[in-house]
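Heads up, the thing below is written out as structure tokens.
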Amino acid sequence: MINCLELVKPYLQEVEKPQRYLGEELHQVKKDWESVQCRFLFGFPDVYEVGMSCLGLSVLYEAVNRRPGLLMERAFSPWRDMEALMNREGIPLYGWESGRPAGDFDCIGFTLQHEMSYTNVLQMLKLSGVPLLAAERGGDTPLIIGGGPCLANAEPMALFFDALVLGEGEEALPDLLEIVGAHKAKRQGRMDRAALFAELAALPGVYIPSGERGSVRKACLPDLEDAPFPLEPIVPYMEIIHDRMMLEILRGCTRGCRFCQAGMIYRPVRERHKDTLLAQAGMLRDTTGHREISLTSLSSSDHTCIKELIEELTAKFSVDRISVSLPSLRANHFSVDLAREIQKVRKTGLTFAPEAGSQRLRDAINKGLDEEAFLSTVEKAAAAGWQQMKLYFMIGLPGETLEDVDAIAELCEKAVLAGSRVLKEQGVNGGMRVSCAVSNFVPKAQTPFQWTGQASQDELREKHNRLRQRIKNRRISLSYHDAFTSMLEAIFARGGRELTPVLLAALEKGCRFDSWTEELRKDSWKEAFAEAGMDMEALATADFALDAPLPWDHLDYGVTKAFLRQEYEKSLRAETTGDCRYTTCAGCGVCDMGSGSNVGSGSSGSSVGDSSGDAKDAGLRNRLSGEAVDF
Amino acid sequence: MKISICYEKTEAGRYLSHLDLARTMERSLRRAKAPLAFSEGFNPHVRMAFASALAVGVTGRREYVDVELAGRVHIPSFSRALQEAFPSALAFVVADEIQGGGKALSAIINIAVYRIGFTLPPKELEKVRAGVEAVLSADELWRKPKQKPGKKTIPAKEVRGLIRRLVLLSEEEAGQETIVERMGMLPDEKKIFLLEAELLMKADGQLRPQELWEMIASAGGFEAVQTLSVSRQALLILQDGKCFSPMEGVLV
């Protein structure tokens with residue numbers, strides 16, 4: 001048996017952060033290789049610190065390893081220095097637990113969390129010694145599978161995969177692996193790919209890209225109460241991005257923001273019961289020793305018992321100085337109350353996402369946040385002692401005018417004035433500071449804006465400049481995302497299989513870690529597209545006809561195309577749609593899916609003020625979101 | 001109640017930075033249900049003090065941390081709990097209460113014993129011996145000033161005075177070391193050697209094992225190849241010409 005961990009150890013002093021590559025953490029699961037039928041390697045296409053922050057990875061590690069016939073190990077993207085070292089020494093990608101070469105596993109899976117990780121998937125496949133294209137694989141090459149939110153439009157990556165799992169992986173993934181194991185066991189360890197594909201295609205959520213393109217419906221759990229959840233998660237030695245306990249309190253969101261892919265593809269809304277969550281939190285505290293717990297969801301304040309949950313958690317944990325963090329709060333008084341409760345243990349920042357500056361545009365994207373309610377929230381936050389806050393906005397939204405851009409600056413200005421006035425009344429000098437973080441709108445598949453092209457590069461940059469000029473107040477700091485990165489995201493978010501050669505060329509030109517600002521090689525990407533005879537900007541900005549077939553039409557996330565179209569048309573009239581938990585059914589179609597419906601009857605949750613930190617602008621915020629459990 | 005804990009930073013923990021180690025220690029203490037004491041303020045932290053930070057890539061056979069507790073613990077049962085709570089990067093050695101107004105370990109520990117493991121073709125051994133000889137017989141050894149862009153220059157320093165003892169261990173002694181596990185990786189024509197160095201730790205300066213290794217190489221006229229392993233064997237207290245271990249009852 002080859003142990004790659006032992007092979008790399010003598011060279012680890014040469015690379016940055018060797019701890020990334022070593023495993024051996026608390027609660028790592030090491031199963032006997034021979035005791036199982038199917039060995040699965042989960043590849044996370046980014047570095048260890050990012051991958052270990054993904055709750056989905058942790059959940060699937062539990063879901064797969066709890067089954068006796070299965071084994072799951074982890075692998076992460078080696079950083080460039082480590083990749084060079086592995087190539088130099090002829091060491092393949094390996095499982096972090098056993099050190100076994102990737103090629104020894106029966107199945108290798110990758111999560112597609114965001115478009116900018118695609119070249120890393122290819123890097124890892126290449127390091128595994130597996131042919132990159134599914135069509136070139138045969139015989140006993142490990143089965144290559146994938147999952148994650150990017151499957152909402154799987155097509156640009158489809159040809160690299162043998163099978164893809166749409167939707168939630170807690171049941172679907174281990175079920176699939178058991179079939180692979182049984183298949184091989186029947187054939188003395190050999191794999192008959194065509195026969196296996198036929199078996200897998202019968203499973204819910206499984207999409208075989210080489211097969212016929214019939215409609216595939218996502219896998220979806222009826223409820224979360226019985227779903228596997230890691231209560232003894234791995235505790236890393238090195239600092240990771242989200243270095244804390246994570247509890248998923250709520251899945252799905254029906255606020256219906258029209259740009260938000262997560263809000264469409266994770267429906268229906270399902271909650272975990274408060275008592276379940278409290279018990280889980282207590283277990284996690286005892287098994288991990290973390291000093292912070294994060295309650296993850298797309299919109300935390302929408303959990304029907306969030307107030308009680310936080311009060312009880314704080315009461316239980318404050319003696320050990322364990323703080324609670326809420327990543328996505330809506331801009332309303334209720335959220336400020338929640339944040340105050342959390343502050344009792346450790347000081348926390350406040351972040352809200354108005355997304356657009358003007359009322360008209362907020363209505364068009366169905367954010368519906370009322371300016372008065374927002375400013376009153378700012379005042380309340382100032383009264384509670386916050387002297388700074390972060391506000392998220394998007395630029396380049398469909399129908400955005402220059403006045404809408406100016407309105408972002410104006411809203412920030414108003415927030416500073418409102419907050420500062422309250423602070424001054426309380427005798428606090430210095431005033432309210434606002435950091436205004438602007439991302440570029442990226443149209444996403446399975447959303448009402450899936451038909452609309454992205455703003456051109458010139459337009460985005462012009463709007464960035466305009467905003468920079470409009471923001472005069474020194475208490476407002478402005479940051480925005482790179483327009484080129486957003487264009488790449490847009491291309492892959494709505495592209496098709498014709499992008500396959502571009503990805504292969506980008507890989508050969510050294511593109512890796514494209515979501516890391518300093519690693520993005522723009523010229524290489526430009527070359528890759530030019531060689532394929534494609535115009536990047538034309539791809540990103542293309543409007544699709546409403547009745548034209550879309551590359552992802554066969555991928556069914558429960559929300560109907562008719563509903564998306566209706567929402568798109570309402571957005572043109574700046575008409576809003578209510579949240580079906582608090583108003584009437586909007587007819588999105590997910591409740592007809594037969595696997596649960598939107599639950600949660602607003603009690604403590606507020607239905608006014610419509611903003612959250614959940615903006616899925618597919619930038620860095622999105623990259624690290626840990627709420628999704630699909631892989 | 002204040003306690004001192006003696007632990008090992010194992011081979012599995014070799015690449016932990018001091019911050020990683022501190023985080024791992026705090027989590028272990030929490031899992032062991034230690035009644036921790038916290039600092040005041042917006043961002044409360046655990047009151048613990050390490051005797052001496054250990055560099056990335058260096059293991060430690062006897063390391064120490066002082067921890068302040070908000071309540072009392074029964075040392076034997078607490079020790080068992082901590083032993084169980086440690087991940088593989090740490091190994092529990094012993095814990096004891098700090099009586100009265102005992103000084104912080106970091107203030108009284110002043111000697112570190114290091115072992116440096118390296119591989120060289122056997123014919124190079126004479127050069128290492130010569131290098132060790134030259135270092136030991138020198139009256140003064142000056143460390144070059146260090147200049148990093150944007151940072152204050154670290155002035156040159158005489159470091160011979162920091163070296164109390166330096167020996168090249170015999171092959172037999174070296175053979176007992178854990179690095180032998182790596183022998184499989186060694187080409188046949190090379191052998192493992194070990195240097196042991198006792199270094200004074202002073203408030204105004206310490207000599208890092210890597211620096212010492214480079215000095216020996218330069219004095220002996222051989223290339224300072226990448227070391228195989230560096231391990232801190234002991235932290236000691238030198239007082240009135242006598243050396244003793246920081247925690248009574250612990251054999252070093």
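Read the figures in this text as sums done on the coordinates, not as results from a lab. Everything quoted here is computed from the prediction, not taken from an experiment. Neighbour counts run over all protein chains shown; Cβ positions are idealised from the backbone, glycine included.
A few notes on this one:
- Full-stretch length increase - A:Met283, A:Asp226 - with 0.36 nm per residue and alpha-carbon distance subtracted: 18.9 nm
- Relative contact order of chain A, pairs being alpha-carbon contacts under 8 Å that are 6 or more residues apart, as %: 18
- Mean separation of Cα contacts under 8 Å (6+ apart) over length of region A:40-87, as relative contact order %: 52
- For peptide B:15-22, the mean count of partner chain Cβ atoms within 10 Å of a residue's Cβ comes to 4.
- For chain B, the longest principal axis of the alpha carbon atoms and the long axis of helix B:209-220 meet at an angle near 10°.
- Its Cα centre serving as origin, region A:135-278 has a Cβ charge dipole (Lys and Arg +1, Asp and Glu -1) of approximately 460 debye.
- Fraction of the pair-distance distribution of the protein assembly as shown above 54 Å, Cα-Cα pairs, percent: 19
- Taking the fewest neighbouring Cβ atoms within 10 Å as the starting point, the ordered list for A:Asp553, A:Asp482 is A:Asp553, A:Asp482.
- For peptides A:316-326, A:535-545, sequence by mean Cβ density within 10 Å, most packed first: A:316-326, A:535-545
- Karplus 3J(HN,Hα) series, Hz, for region A:474-488 with 6.51 cos²θ - 1.76 cosθ + 1.60 (x for Gly, Pro): 6, 7, 9, 10, 10, 9, 9, 7, 5, 5, 5, 4, 5, 5, 4
- When region A:259-384 is reduced to its Cα atoms, the Kirkwood hydrodynamic radius in Å: 15.9
- For the pair region B:16-67 / region A:435-503, the C-alpha centres are spaced 43 Å from each other.
- Gaussian network model of chain B, springs between alpha carbon atoms under 10 Å - residue of B:Glu158, B:Glu11, B:Glu63 with greatest fluctuation: B:Glu158
- Karplus-derived 3J(HN,Hα) values for region A:101-115, using 6.51 cos²θ - 1.76 cosθ + 1.60 with θ = phi - 60°, are x, 3, x, 6, 7, 6, 8, 10, x, 10, 9, 9, 7, 7, 5 Hz; glycine and proline are entered as x.
- Cβ-Cβ FRET estimate between B:Trp142 and A:Asn87, R0 fixed at 45 Å, reported to 0.05: 0.60
- Relative to the longest principal axis of the Cα atoms of chain B, the long axis of helix B:75-85 lies at roughly 60 degrees.
- The fewest-to-most ranking of A:Lys31, A:Lys9 by surrounding Cβ atoms within 10 Å reads A:Lys31, A:Lys9.
- Ellipticity at 222 nm from helices only: DSSP H runs of n ≥ 4 in chain A, each -39500 (n - 2.57), divided by the residue count, give -10500 deg cm²/dmol.
- Inter-chain neighbour count for A:286-293: the average number of beta-carbon atoms from partner chains within 10 Å of each residue's beta-carbon is 4.
- Under 5 Å between amide hydrogens, built in the peptide plane, is the criterion, and for A:Tyr94 it picks out A:Ala102 among residues at least 5 positions away or on other chains.
- The value of relative contact order for chain B, using C-alpha pairs under 8 Å at least six residues apart, is 25 percent.
- Neighbouring partner chain Cβ atoms per residue of B:50-57, average, 10 Å criterion: 1
- Nearest-ten-degree value, helix A:402-425 long axis tilted from longest Cα axis of chain A: 70
- Sequence-distant residues sharing a close amide H with A:Arg267 (under 5 Å, placed H): A:Cys253
- Computed over chain B, the per-residue total of -39500 (n - 2.57) for DSSP H runs of n ≥ 4 gives a 222 nm mean residue ellipticity of -7000 deg cm²/dmol, rounded to 500.
- 3J(HN,Hα) couplings calculated from phi for region A:558-563 with the Karplus curve 6.51 cos²θ - 1.76 cosθ + 1.60 (θ = phi - 60°) are, in sequence order, x, 7, 7, 5, 5, 5 Hz; Gly and Pro show x.
- Fewest-first ranking of A:Leu250, A:Leu504, using other Cβ atoms within 10 Å as the exposure measure: A:Leu504, A:Leu250
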